[in-house]
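Contents: one structure, followed by commentary.
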C-alpha cells in the first residue's frame with residue numbers, strides 16, 4: 001500500500017519500476033478478493049489508493065504489457081512469421097489500469113449498497129463519482145482490450161450504471177425516442193405503448209419479438225413476456241406486440257435503454273426487477289453484470305454489432321434500398337426484389353442514426369425522401385464497406401502482410417479504390433469517422449507500397465481530395481528524382497507535379513537542417 005500510494009503521490013518523480021508496480025498491484029488485487037482481508041483493506045483506504053492509481057494511469061498514459069516484465073515467457077515459435085494476424089491478449093498494454101479496476105471492483109463488492117459507495121466518494125477521492133463514471137464509460141467505448149473494458153463495466157455496475165456501451169450504440173441510441181421510423185408497438189397490460197424498431201430488437205433482444213412460427217393472436221403460455229401479436233395499418237405496416245402482466249413499465253424502459261444505448265442507470269430496487277427481465281430475455285452478459293459475477297478470464301467484451309440485420313434476421317424489417325453505381329457489367333439478381341442493379345436492403349433507422357445527411361434527406365419532404373431506393377454514387381465494393389460500417393462501426397481492412405506484398409500495382413489500386421470513394425462520399429454525408437478510417441487505411445498501404453502513390457495522387461485529385469493528394473505527394477517526395485528522370489510524372493497534371501516537387505524540396509530542406 002505504501003509503495004502504491006507513493007507511486008501516485010506528487011513527490012514521485014519519473015516512472016516507477018514496471019515489475020515492482022505490477023507485483024504490488026497483483027498482490028493488492030488478490031487480497032481484495034479474500035473476505036478475511038477485504039475489510040482490513042477498506043479500513044486502510046485501499047479504495048482511495050486504487051482510484052488514485054486509475055487516475056494516475058489515465059493522466060500519465062501508462063502502458064505496460066506482460067512481456068515488458070516477463071520477457072522470458074515470450075515464445076517466438078508460437079507466432080507465425082508470415083501472414084501473422086496479431087490478436088491482442090485479454091490484458092493488452094494496460095496491465096496497471098486493469099488490475100487497479102479489478103481490485104476496486106472487489107473492494108466495492110463489500111460496501112453492500114450504492115449509497116455506501118456514494119458516501120465513500122464524498123470524502124477526498126482522486127475522482128468524484130461522476131468523473132469516475134465518465135472515465136469508465138470512455139474506456140468501455142474506446143479501443144481498449146476486452147479485459148479492461150469488462151472491469152470498467154464491472155466497476156460501473158457498483159456505481160449504478162449497468163451495461164456495455166460502445167460507439168455504435170451511442171449512435172443507435174438516438175433512435176430510442178424517434179417514433180417516425182418505428183415499425184413495432186410494445187403494448188403493456190395497462191394499455192401503455194412504446195414505439196420501437198423491429199430490426200434493433202431482432203438483433204439485440206429477440207425475446208421481445210414473437211417467433212416467426214407463432215400465428216397472429218396466438219396466446220403464449222403463462223409467464224411468457226409476449227402476450228399476442230396483431231398487425232394494423234397506420235399509414236405503414238405496424239406490428240403490435242402485447243406483453244404479459246409480468247412486465248413492469250419502468251423495467252422495460254430501462255431494458256430498452258440497454259438494447260439501444262448499451263447501458264442504463266438504475267437504482268437497486270429497479271435493478272431487482274431488471275434481473276428477472278434480463279434472464280427471461282436471455283441477455284446473459286447483462287444478467288451476469290447485475291448478479292455481480294466477475295468476468296471469466298478471456299471472455300470477449302459483449303459485441304454491439306448489428307451486421308446480422310443484413311441477413312435473414314433483419315430482412316423482414318428492411319424499409320429502404322441502397323443502390324450502388326454501376327462501374328462494370330454485373331450479372332445481378334435479387335431474391336427479394338426485381339431491381340437489376342447491385343443494391344442492399346437496409347433500414348432507415350440505422351441510416352438515420354448514423355448520418356446527418358440521411359437525417360436531413362429523410363426529413364426534407366423532397367421526392368428522394370419518399371423514394372424506396374437511394375442511389376449511392378460509389379461502386380458496389382465501396383457500398384458494401386460503407387453499409388458494414390453503418391451496422392458495426394468497423395471498416396473492413398484490405399489484405400495485409402505477404403498477401404498485400406505479392407499483389408501487383410493494379411490489384412493493389414483496385415483494393416484501395418473503394419476507400420478513396422468513401423473518403424469523397426464522407427465529405428458529403430458528414431461521416432468524419434469513415435473519412436478518418438479510410439485515410440488511415442490508404443496511408444498504411446502507401447507506407448508499404450510507395451510506388452502506388454503516383455496512381456493514388458491522380459485519383460485523389462479527380463475526386464478533389466486535396467489532403468489525400470498532398471499525403472500521396474509526400475510519399476512520392478523521396479522518389480521524385482527517379483520519377484522525373486523516368487518520365488512517369490508526365491502522366492500527371494501540372495498542378496500535381498508541382499505538389500510532388502514542392503514535397504521533395506521540403507524533404508531535402510528538412511534533411512539539410514537535421515545535418516547541421
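The values are calculated or read from the model by the stated rules, or taken from the named source; none is laboratory data. On a predicted model such as this, the values are computed, not experimentally measured, just so you know. Note that we place each Cβ from the backbone using ideal geometry, even for glycine, and neighbour counts take in every protein chain shown.
General observations
- Residues within the stretch 442-459 that are in contact (Cβ under 8 Å) with a residue 40 or more places away in the chain, under 28 Å from the mean Cα position of the chain (by Cα) and crowded, with 21+ Cβ neighbours inside 10 Å, tallied: 1
- Of the residues making up the stretch 305-320, those that are within 14 Å of residue 391 (Cα to Cα), in a loop (DSSP other than H, G, I, E, B) and in contact with a strand residue (DSSP E or B) (Cβ under 9 Å, 6 or more places away or on another chain) are 314, 318.
- Residue 363 vs. criteria touching a helix residue (DSSP H, G or I) at 6+ places or on another chain (Cβ under 9 Å), farther than 15 Å from residue 426 by Cβ and either at pLDDT below 90 or assigned by TED's automatic domain parsing to the domain that holds residue 260 (or both): yes
- The set of residues from the stretch 361-376 being farther than 12 Å from residue 343 by Cα and surrounded by 12 or more Cβ atoms within 10 Å (Cβ to Cβ) comprises 361, 362, 368, 369, 371.
- Matching helices (runs of 4 or more DSSP H) fully within the stretch 1-73 where at least 2 residues are modelled with pLDDT of 80 or more: 18-32, 35-43, 46-59
- Total residues in the stretch 162-181, condition outside any helix (DSSP H, G or I) and crowded, with 19+ Cβ neighbours inside 10 Å: 6
- The residues of the stretch 419-432 that are closer than 21 Å to residue 352 by Cα, without any contact (Cβ under 8 Å) to a residue 60 or more places away in the chain and within 20 Å of the chain's Cα centre (by Cα), listed by number, are 422, 423, 426, 432.
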